[in-house]
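J.: Take a look at the following structure, please.
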Amino acid sequence: VLEFTGVQFLTFNVDNARSQGAELELFGRFDSNISMNLALTYADAEYGDDCDKGLAASPAIATIRRLCGQVLTNAPKFTGVAGVTYDGPLTDSGWGLLASFNTNYSSKRRTGTVPLDLLSNGTTPPFPFDFQEGYIKMNARLGFRTPDERFTIEGWVNNISDEVTRGITANTPLRGPAGARSRIGFIVEPRTYGVTVRAKF
């Protein structure tokens, strides 16, 4: 496990963790030009209740004990991806058309390493902003291909609804006293868009 304390990175081991679940992937083609994909995942990933078992005393032991029984970082219980693509002729003009749309879903997930603070009285309140709530993100692409298939121009948009989500949450330098810690979040890309030009020689 790797944790940023606010001033340094600490690496330490836990005695056990478990990840189990199921995944379903489907791909279908309605005709030679239209295809659809679907993927669903259920994952139960967590540290064991006794994840400090057999570990020698170390500065990290108090941190390890706060991990026991908690879910792993960036391990949502449910995720899903669905998409549809058309890649074929644009009427009978000889031009080609590429149009695709996909969406992905993630349920609530932890973004920090250690979910609980440790107060001087021995209580362990949760850190703020430890969980990223569930979200849906959508992407789209529209492109045209010349009749000789030498050139393609595509316009695209990722994260259409401009969902703001955190990938990682960590401690900050001089983070304050226990129970009033400051935190820093690293934001995943917001809405992005652009044009891609391809050429064959």
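The values are calculated or read from the model by the stated rules, or taken from the named source; none is laboratory data. Here the structure is a predicted model, which means the values were calculated and not measured. So basically every Cβ, Gly included, is an ideal-geometry build from the backbone, and we count neighbours across all protein chains shown. The protein model used for the area step is the full one, side chains on, heavy atoms only, and it has no ligands, DNA or RNA in it. Shrake-Rupley method; radii C 1.70, N 1.55, O 1.52, S 1.80 Å.
J.: For residues that are of a type in the set (A, V, I, L, M) and touching a residue at least 40 places away in the same chain (Cβ under 8 Å), scanning just segment 52-70, find the one that is surrounded by the fewest Cβ atoms within 10 Å (Cβ to Cβ).
T.: Ala62
J.: Kindly establish whether Ala39 is among the hydrophobic types (A, V, I, L, M, F, W, C) and within 22 Å of Thr169 (Cα to Cα).
T.: no
J.: Scan segment 98-123 for residues that are open to solvent by less than 60 Å² (accessible area, probe 1.4 Å), part of a loop (DSSP other than H, G, I, E, B) and β-branched (Val, Ile, Thr) and jot them down.
T.: Passing the criteria: Thr111, Thr113, Val114.
J.: Filter segment 41-51 down to the residues that are out of contact with any Cys (no Cβ under 9 Å at 6 or more places or on another chain) and open to solvent by 80 Å² or more (accessible area, probe 1.4 Å) and list them by number.
T.: Tyr42
J.: Tally time: how many residues in segment 40-76 are among the polar types (S, T, N, Q) and in a strand (DSSP E or B)?
T.: Here is the first cut: in segment 40-76, the residues among the polar types (S, T, N, Q) are 41, 58, 63, 70, 73-74.
With the extra rule that they be in a strand (DSSP E or B), the set shrinks to 41.
The number of residues fulfilling the criteria is 1.
J.: Here are some conditions: (1) over 18 Å from the mean Cα position of the chain (by Cα); (2) open to solvent by 70 Å² or more (accessible area, probe 1.4 Å). Asn74 meets all but one. Which one does it not meet?
T.: (1)
J.: Looking only at residues in segment 1-39 that are among the small types (Gly, Ala, Ser) and part of a strand (DSSP E or B), which one is most open to solvent (accessible area, probe 1.4 Å)?
T.: Applying the filter and picking the extreme gives Ser19.
J.: For the condition of a type in the set (Val, Ile, Thr), within 26 Å of the chain's Cα centre (by Cα) and within 30 Å of Gly88 (Cβ to Cβ), what is the one hit in Ile153, Ile160, Ile168, Ile184? If you could, list the steps in order and put the result at the bottom.
T.: Numbers: Ile153 fails: within 26 Å of the chain's Cα centre (by Cα); Ile168 fails: within 30 Å of Gly88 (Cβ to Cβ); Ile184 fails: within 30 Å of Gly88 (Cβ to Cβ).
Within the list Ile153, Ile160, Ile168, Ile184, the selection yields Ile160.
J.: Additional query: Looking at segment 87-97, which of its residues are surrounded by fewer than 17 Cβ atoms within 10 Å (Cβ to Cβ) and part of a strand (DSSP E or B)? Step through it out loud before you land on a result.
T.: Kept after step one, since they are surrounded by fewer than 17 Cβ atoms within 10 Å (Cβ to Cβ), are these residues of segment 87-97: 87-95, 97.
Of everything in segment 87-97, those that are surrounded by fewer than 17 Cβ atoms within 10 Å (Cβ to Cβ) and part of a strand (DSSP E or B) turn out to be Asp87, Gly88, Pro89, Leu97.
J.: Do we find a residue being touching a Phe, Trp or Tyr at 6+ places or on another chain (Cβ under 9 Å), more than 30 Å from Ile64 (Cβ to Cβ), of a type in the set (D, E, K, R) and assigned to a strand (DSSP E or B) anywhere in segment 137-144?
T.: Checked against the condition, which is being touching a Phe, Trp or Tyr at 6+ places or on another chain (Cβ under 9 Å), more than 30 Å from Ile64 (Cβ to Cβ), of a type in the set (D, E, K, R) and assigned to a strand (DSSP E or B), segment 137-144 yields at least one hit.
J.: Another question, if that's okay. Hey, can you tell me all the residues within segment 61-93 that are touching a Leu at 6+ places or on another chain (Cβ under 6 Å), hydrophobic (A, V, I, L, M, F, W, C) and closer than 24 Å to Gly167 by Cβ?
T.: Result: Ala82, single match.
J.: Of all residues in segment 159-201, count the ones that are in a strand (DSSP E or B), of a type in the set (S, T, N, Q) and modelled with pLDDT of 90 or more. Don't jump to the end; show me each part of the working.
T.: Of the residues in segment 159-201, the ones in a strand (DSSP E or B) are 166-171, 183-187, 192-199.
The next check asks that each one be of a type in the set (S, T, N, Q); those that pass are 169, 171, 192, 196.
Applying the additional criterion that residues be modelled with pLDDT of 90 or more yields 192, 196.
So the answer is 2.
J.: If you don't mind, another one. Can you pull out the residues in segment 161-173 that are touching a strand residue (DSSP E or B) at 6+ places or on another chain (Cβ under 6 Å) and open to solvent by 60 Å² or more (accessible area, probe 1.4 Å)?
T.: Within segment 161-173, Glu163, Ile168 qualify.
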